[in-house]
Amino acid sequence: MGVSVEVRKVYPYPFQQVVTSYLNKYPTPLEKHVTDVKTVEEKNDPATGIVYRKRIATCNNVIPSFLRKFSIMKISNVYLEEESWLDMKKRVMTLKTRCLTWAQYASLKEESMYRESTENSNWTEFTQKGFISITGAGLLNCVLETFAQAFLKQGAKKSISIMETILQERCGSPFSSPRPVNDEKTQHPA
């Protein structure tokens, strides 16, 4: 079946500041569950100027204790792979993230984009779509998907809050604020 979560946020900061802050966001004391992020591949395409990066994030396992009774859930770290394509000419960075841990049982994918706002060139628009589908757990599939959906929603909100804090600390308060745009949608595919 699967569940999805969508978020949108406008940061009242220029694209370069937002992207630089994002790429240097973790580890941070603002998020204790992300313990490490390593760049394992980086390429710059001279023809297009697009910078490709592949990073692996190490995160603490935050699965609730009642689910850790299952041996597959009794691990301390979860690994996420993030691929990004940064195009400074077009002022857009696209990202694809997937969970490497439990890949045989669950598909967790996020697609995100940072781009210069069409409304104001000093703002940056962020959009993210996350999808989780769990198989192989029998009757627990729906329970695990519900937990995963709540986790994705909470994670997206926390990530946005961390970005706002980091941007304020590194770049100061913005001179102008965009009209509030902070939409969240939850969808259950039929």
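The values are calculated or read from the model by the stated rules, or taken from the named source; none is laboratory data. If you're wondering where the values come from, they're calculated on a predicted model, not measured in any experiment. Here Cβ is always computed from backbone atoms with ideal geometry, including for glycine, and neighbour counts include all displayed protein chains. Ligands, DNA and RNA are excluded from the accessible area calculation, which covers all protein heavy atoms including side chains. Shrake-Rupley method; radii C 1.70, N 1.55, O 1.52, S 1.80 Å.
Of all residues in the range 70-129, those satisfying the criterion of being aromatic (F, W, Y) and over 21 Å from V37 (Cβ atoms) are F70, Y105, W123. Residues that are free of Cβ contacts under 8 Å to residues at least 40 places away in the same chain and either of a type in the set (K, R) or open to solvent by 50 Å² or more (accessible area, probe 1.4 Å) (or both) within the range 92-106 comprise K96, R98, A103, Q104, Y105, listed in sequence order. Do we find a residue being assigned to a loop (DSSP other than H, G, I, E, B) and either under 28 Å from S76 (Cβ atoms) or without any contact (Cβ under 8 Å) to a residue 40 or more places away in the chain (or both) anywhere in the range 8-21? For the range 8-21, residues assigned to a loop (DSSP other than H, G, I, E, B) and either under 28 Å from S76 (Cβ atoms) or without any contact (Cβ under 8 Å) to a residue 40 or more places away in the chain (or both): absent. Of the residues making up the range 40-51, just one is part of a strand (DSSP E or B), among the hydrophobic types (A, V, I, L, M, F, W, C) and open to solvent by less than 80 Å² (accessible area, probe 1.4 Å), namely V51. Restricting the range 40-75 to residues that are among the hydroxyl-bearing types (S, T, Y) and at pLDDT 85 or above leaves a set whose member that is farthest from T28 (Cα to Cα) is T48. Restricting to the range 7-39, and then to whatever is charged (D, E, K, R) and open to solvent by 60 Å² or more (accessible area, probe 1.4 Å), can you tell me which residue is modelled with the lowest pLDDT? Out of the qualifying residues, it is K32. Taking the criterion of being buried (at least 16 other Cβ atoms within 10 Å of the Cβ) and assigned to a helix (DSSP H, G or I), the residues of the range 132-150 that qualify are N141, L144, E145, F147, A148, Q149. Of the residues making up the range 156-190, those that are of a type in the set (S, T, N, Q) and at pLDDT 80 or above are S159, S161, T165, Q168, S173. Here K153, K129 are screened, and the one residue that is among the basic types (K, R), modelled with pLDDT of 85 or more and part of a helix (DSSP H, G or I) is K153.
Checked against the criterion of being within 30 Å of E119 (Cβ to Cβ), assigned to a strand (DSSP E or B), open to solvent by 70 Å² or more (accessible area, probe 1.4 Å) and in contact with a Lys or Arg (Cβ under 9 Å, 6 or more places away or on another chain), the range 76-91 has at least one qualifying residue. Within the range 115-133, residues that are hydrophobic (A, V, I, L, M, F, W, C) have Cβ atoms under 8 Å from residues that are open to solvent by 20 Å² or more (accessible area, probe 1.4 Å) and in a loop (DSSP other than H, G, I, E, B) in these pairs: W123/P12; W123/P14; W123/P178, counting only partners at least 6 apart in sequence or on another chain.
Conditions tested, residue by residue: (1) under 19 Å from the mean Cα position of the chain (by Cα); (2) more than 22 Å from L23 (Cβ to Cβ).
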position: N120; (1), (2): no, yes
position: C142; (1), (2): no, yes
position: T146; (1), (2): yes, yes
position: L152; (1), (2): yes, no
